[in-house]
Every structure is written in structure tokens, then in C-alpha cells.
Amino acid sequence: FNPMLGETFELVRGEVETPGNFRFIAEKVSHRPVKMACQADSPNWSFSHSPVPTQKFWGKSAEIITDGRCRVALRLKDGTDECYSWTVATVFLRNIVMGEKYVEPFGTMVVINETTGAKATIEFKSKGMFGGRAEDVTVESYCPDGSHSGLSLVGTWTSSLRLMESGKGAGPEIWKAGKLAEGFETRYGLTEFAAGLNEITEVEEGKIAVTDS
């Protein structure tokens, strides 16, 4: 999907569809080079990103590199915001010519707590050129002074992540991927959320901007 310059996409979800509710708007602000801008807000957090994606083709695969930091502000109970930022991992699109097409994040992402100085490193495991599909991911968290916090996450970015404390066995599940859409095998593996992005609910009916895609 490559929108027209100036085209927008707006999404509003109430408490019924998404507990906590939120609103999101995105716009393509430059055609060459391609630049996007998006903003999402809920009562508990805000998210912004101005991605600048570039592609490199390698025959059977494509490498997608995205410049621009993602930024999140969490609204804490004491009325203050805690701010985080990170850059998106490099992603490979595999089997462009033939075979099962899938995306594969690669390398390490670093999430920085801009408020406290703490950080987390997210490593996407690679099985090499001929090792097949890789989905494993590990997360290590560090205190502002650089020492390990004792907390880690293990799992796969396609299914779920579990918490580990000080090297103990995998603990409680703290994140899981969204439910897949009906017939996802022939619908690009979309989740129910992704498949419903173009659904017009009572919230949007008659109120969508003429620039909306």
C-alpha cells in the first residue's frame, strides 16, 4: 500500500471495540523520498512516528530499512508522562519470487526510557541464509546506571512473550499476538484488528475526511 501524497487514514475505536479506546491518524507527507507521519492518542498513552522507509532488493528477498524514531508517552497515575523511544528493526521480505512470502525482523532494537535513562535491548534471532524462518526474540532490560535489571522476556514475535526473572524459567505471559482473521491463510495472515482497519463503524459514519483513503 503506497498512498497518494496528502492522502490520510483515520481510525477511531471506542471502548466496545478496544478497551481503553484510542484514535489514530496518518498522512503521506512526501512522495520522493517517501515520508509518512502518524499520531495515536488514548487516555493512557500517546504515540507518534515519522517513518522514512527505504528498500534494497536482493533477488529473492527485499530489505526494508526505516529511519525515524517511534515515540510513546505513558500517562502515569501521578499525572506525569513517562517517555520512550526506539527505531524500527530492519525487516526482510522473504520469497518475493516464489514460495511462502513472509516478513522477518533482523538485528537488535533498543528501547530507551527518555525519562529515567533505563533501556531494553530486543534481539531478533536469525537462522542464517539457509536456516529457514526465524521468529525467536529475546529482550533484556537495564537500569539507568547500565546494570541488568534482572528482568528478561523470551518467546516469539509472532505468538507471545513471557517474563523471566533473574534467569529463572519462563514466567507469566505478558503479551500475545492478536487473534487471526477468519480465513487468514488466504488473507495474508492478517489479524482481526488489521482486517478491520477499513471497517466504518458508527463512530466514523458520515464523519470521514474527504482525503481519507
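The values are calculated or read from the model by the stated rules, or taken from the named source; none is laboratory data. Here the structure is a predicted model, which is why all the values come from computation and not from measurement. With ideal geometry, Cβ positions are generated from the backbone for all residues, glycine too; neighbour counts draw on all protein chains shown. These accessible areas exclude ligands, DNA and RNA; they are computed on the full protein's heavy atoms, side chains included. Shrake-Rupley method; radii C 1.70, N 1.55, O 1.52, S 1.80 Å.
When the pairs Lys101/Lys179; Lys77/Lys176; Lys35/Lys101; Lys119/Lys179 are compared against a 27 Å limit on Cα-Cα distance, Lys119/Lys179 fall above it.
Would you mind working out the magnitude of the charge dipole of the stretch 1-119 relative to its Cα centre, with +1 at each Lys and Arg C-beta and -1 at each Asp and Glu C-beta, to the nearest 20 Debye?
Value, rounded to 20: 420 debye.
Summing +1 for each Lys or Arg and -1 for each Asp or Glu, what net charge is found among the other residues whose Cβ lies under 9 Å from the Cβ of Ser61? It would help to have the intermediate numbers written out before the result.
Details: positive: Lys60, Arg94; negative: Glu63, Glu104.
Taking every Cβ under 9 Å from that of Ser61, the sum is 0.
Could you work out which residue, out of Arg23, Arg32, Arg69, moves most in a Gaussian network model of the chain, that is, has the largest mean-square fluctuation with Cα springs under 10 Å? Taking springs between Cα atoms under 10 Å, the residue moving most is Arg32. Of the residues Val210, Gly167, Cys143, the one whose Cα sits farthest towards the positive end of the charge dipole of the stretch 58-213 is Gly167 (charges of +1 on Lys and Arg Cβ, -1 on Asp and Glu Cβ, taken about the Cα centre). Between the stretch 79-138 and the stretch 8-31, the alpha-carbon centres lie 23 Å apart.
What is the magnitude of the charge dipole of the stretch 112-184 about its Cα centre, with +1 placed on the Cβ of each Lys and Arg, -1 on the Cβ of each Asp and Glu, and no other charges, expressed in debye to the nearest 20?
For this selection, approximately 240 debye.
Roughly how big is the chain's charge dipole about its Cα centre, with Cβ charges of +1 (Lys, Arg) and -1 (Asp, Glu), in debye to the nearest 20?
On the way: 23 positive and 29 negative charges, 160 e Å.
So the dipole magnitude of the chain works out to roughly 760 debye.
Give me the one-decimal Kirkwood hydrodynamic radius in Å for the chain, with the sum taken over alpha-carbon pairs. If you can, show how the numbers build up before the last one.
Working: mean 1/r = 0.0508 Å⁻¹.
One over the average 1/r among Cα pairs gives 19.7 Å for the chain.
The calculated 222 nm mean residue ellipticity attributable to helices in the chain amounts to -500 deg cm²/dmol, summing -39500 (n - 2.57) over DSSP H runs of n ≥ 4 and dividing by all residues.
Using only Cα coordinates, the Kirkwood hydrodynamic radius of the stretch 39-120 works out to 14.7 Å.
Could you do me a favour and compute the accessible area per residue for the chain, 1.4 Å probe, result in Å²?
Working: 14010 Å² over 213 residues.
Per-residue accessible area for the chain comes out at 66 Å².
Couplings for the stretch 153-163, taken from phi via the Karplus curve 6.51 cos²θ - 1.76 cosθ + 1.60 with θ = phi - 60°, read 10, 9, x, 10, 6, 9, 10, 7, 10, 10, 7 Hz in order; Gly and Pro are left as x.
Between the listed residues Thr115, Gly99, Thr87, the Cα displaced farthest toward the positive end of the dipole of the stretch 80-134, a dipole computed from Cβ unit charges relative to the Cα centre, is found at Gly99.
Each Cα pair under 8 Å and six or more residues apart adds its sequence gap; the mean of these over the residue count of the chain is a relative contact order of 11 percent. Reported to the nearest whole Å, the Cα centre-to-centre distance from the stretch 162-182 to the stretch 40-67 is 24.
Protein heavy-atom surface of the stretch 56-102, 1.4 angstrom probe: 60% of the accessible area is carbon and sulfur, with nucleic acids and ligands not counted. The residues packed around Ala194, meaning those with a beta-carbon under 14 Å from its beta-carbon, carry a net charge of -1 if Lys and Arg are +1 and Asp and Glu are -1.
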